[in-house]
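As structure tokens, the structure follows; a few thoughts come after it.
The values are calculated or read from the model by the stated rules, or taken from the named source; none is laboratory data. Quantities reported herein were computed from a predicted structural model and do not represent experimental measurements. Note that we place each Cβ from the backbone using ideal geometry, even for glycine, and neighbour counts take in every protein chain shown.
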């Protein structure tokens, strides 16, 4: 199939529709504006639903409603907007509703900036909402990978009846790459949505979508049911990539835009005679712990690199479990590291670990 | 033997969780009766907000969704847009609609969303134990205005219907009450018309219903009806604010 | 004058007295002894014959406790 040159944000919009999205509810916020802009035209032309809500809070609640009505629905936003959606996301997981949430990360905290960042790792994987819940989080590295994951995200969300978040940053959203829109996605058996509130004429009995369980034992049982679901997600949806691990002296852990920069740094380091491997988490939740089993036992250390001041670092430390020395390098606020900075970070790390 | 009055099929068999004499129950009956009489139950999805009526998803005999506090009109918008031929209503109290949810409600109205809002105004937060609401009256003592509501500190009772009357997207808007059989009949007429206008896709319809809260007002149920008539109606006059056209039979 | 008969689903009564207040023929009263499972005193009828099937009691009842039948030509 012929490739098409597309801007990240627009590719996200189109991929969502190719994934079967029936409705988009969003709100303007840089650097993701091209998503609602693109979809405001596309959805109407294909008589699907597009609403620019009055706020991100309203938008996520529109998603709740439409998802509860059994439709494939998405929203997109950026860091501060995703912060506003946290209550809605918690309700959506509590009511076991499927949806897609796209977060195009920018520098924080607060109004922060509009340049690319990864400082919302905690927000995405630990969640800012209340309760024991998880959102299934994927962090693609290229626009092609973004398209493929988004097309599949509605099936994943429907299968687990849980929100899926695709986490990119302003750089991926704003740049253009050539992409193939028609790569096939994994076939999944998706049970009918007989729980949806689409009117009693469409199903037997009375359907209720709610996250309220005033009886604590019932609420605990509900939570245990959610946890069992999350165990399945961990088993089936964990995704990662390992590069150049065989004779690695060091291993870098990086995802998204950061991993693109690290790939170039690996080349420079190889010429300098330092063999470095890369673990690239694609699913951030569930975090790919088993990737760490592929680390040769004789490596000198693991360097976690992020466009933040260290958030995935926690998961790296947990996965490493004290086995190897762990270092960190990061830029934040919207600063994008140079390849050279990653190379120097490994060299500095080398001095600290080699006695 | 003709049955003159019986429990509406629009309500489930669950006992209502409202306090003795709370007129939420009357409003529930009217909504249920209207949905039955218009034959809308199989098509209807109701949205329960957060407050005393949060459990209404157990009381209305149709599909229901429970929305986060203040977000019922956004949830309703989300549903209506993907199910344009279904009937969607929200059931909200004054805390949910006029305080935390005022933005969602105004913007649903401003977009002319084809939904029906049942707005129960009892001038207090009931579920949480009697705090001041945006519609609490000047001088009204509540657990968070122990010396009475004071204009300079707490602002004045917010006139929701008067505000919404200025919004073009509103197709039908009336403020009613349920303190006497006569008022109840008029309230039912208003609710039925709101649902009929929704059926005709005329846009946003809302009925504001002045309602009692005996327990948190600290007034016996029967006397609460009098208190409402003597104190609330002067501040919230019963009135048809907007009707976008004669209803043709 | 129409004649009516009313029946109560006592377990759902909360003793709020709205029905008593609005019965135009004043035939309803709270039984100070009889209670339902929830502990509410329940409403009784003094003289069913006086009932005119106006259904004001049932209209005012928030909990749909009362069913009213018109037995005028029964």
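Side notes on the structure shown:
- Positions within the stretch A:43-61 being over 19 Å from residue B:114 (Cβ atoms) and not in a helix (DSSP H, G or I), in sequence order: A:46, A:55
- Scan of the stretch B:119-133 for residues that are assigned to a loop (DSSP other than H, G, I, E, B), buried (at least 24 other Cβ atoms within 10 Å of the Cβ) and either touching a residue at least 60 places away in the same chain (Cβ under 8 Å) or out of contact with any helix residue (DSSP H, G or I) (no Cβ under 9 Å at 6 or more places or on another chain) (or both), ordered by number: B:122, B:123, B:124, B:126
- Verdict on residue A:6 being over 21 Å from residue B:72 (Cα atoms), more than 19 Å from the chain's Cα centre (by Cα) and part of a strand (DSSP E or B): yes
- Residue in the stretch B:186-201 that is within 14 Å of chain C (Cβ to nearest Cβ) and crowded, with 19+ Cβ neighbours inside 10 Å present: yes
- The residue pairs whose first member lies in the stretch B:31-54 and is at positive phi, whose second member is buried (at least 24 other Cβ atoms within 10 Å of the Cβ) and modelled with pLDDT of 95 or more, and whose beta carbons are closer than 6 Å, counting only pairs six or more residues apart or on different chains, are B:51/B:93; B:51/B:95; B:51/B:96.
- Where helices (runs of 4 or more DSSP H) fall wholly inside the stretch B:1-112, the ranges with 2 or more residues that are crowded, with 24+ Cβ neighbours inside 10 Å, at pLDDT 95 or above and within 14 Å of chain C (Cβ to nearest Cβ) are B:24-37.
- Across the stretch C:1-29, the qualifying residues are those that are part of a loop (DSSP other than H, G, I, E, B) and touching a strand residue (DSSP E or B) at 6+ places or on another chain (Cβ under 7 Å), and the one among them that is farthest from the other protein chains (Cβ to nearest Cβ) is C:27.
- Checked against (1) outside any strand (DSSP E or B); (2) within 19 Å of the chain's Cα centre (by Cα); (3) more than 10 Å from chain B (Cβ to nearest Cβ); (4) over 23 Å from residue A:109 (Cα atoms), residue A:40 passes all but condition (2).
- Reported count of residues in the stretch B:146-180, each being outside any loop (DSSP other than H, G, I, E, B) and either touching a residue at least 24 places away in the same chain (Cβ under 8 Å) or surrounded by 20 or more Cβ atoms within 10 Å (Cβ to Cβ) (or both), is 13.
- Every residue from the stretch C:36-72 that is surrounded by 23 or more Cβ atoms within 10 Å (Cβ to Cβ) and more than 9 Å from every other protein chain (Cβ to nearest Cβ): C:43, C:51
- Residues of the stretch A:212-241 that turn out to be in contact with a strand residue (DSSP E or B) (Cβ under 7 Å, 6 or more places away or on another chain) and either more than 30 Å from residue A:148 (Cα to Cα) or outside any helix (DSSP H, G or I) (or both), as a count: 5
- Only one of B:79, B:118, B:87 that is in contact with a strand residue (DSSP E or B) (Cβ under 8 Å, 6 or more places away or on another chain) and within 20 Å of residue B:25 (Cα to Cα): B:118
- Considering the stretch A:48-61, and only residues there that are under 15 Å from residue B:84 (Cα atoms) and more than 7 Å from chain B (Cβ to nearest Cβ), the residue that is surrounded by the most Cβ atoms within 10 Å (Cβ to Cβ) turns out to be A:48.
- Counting only helices (runs of 4 or more DSSP H) that sit completely within the stretch A:62-148, those holding 1 or more residues that are in contact with a strand residue (DSSP E or B) (Cβ under 7 Å, 6 or more places away or on another chain) and either closer than 20 Å to residue A:15 by Cα or within 14 Å of chain B (Cβ to nearest Cβ) (or both) correspond to A:86-94.
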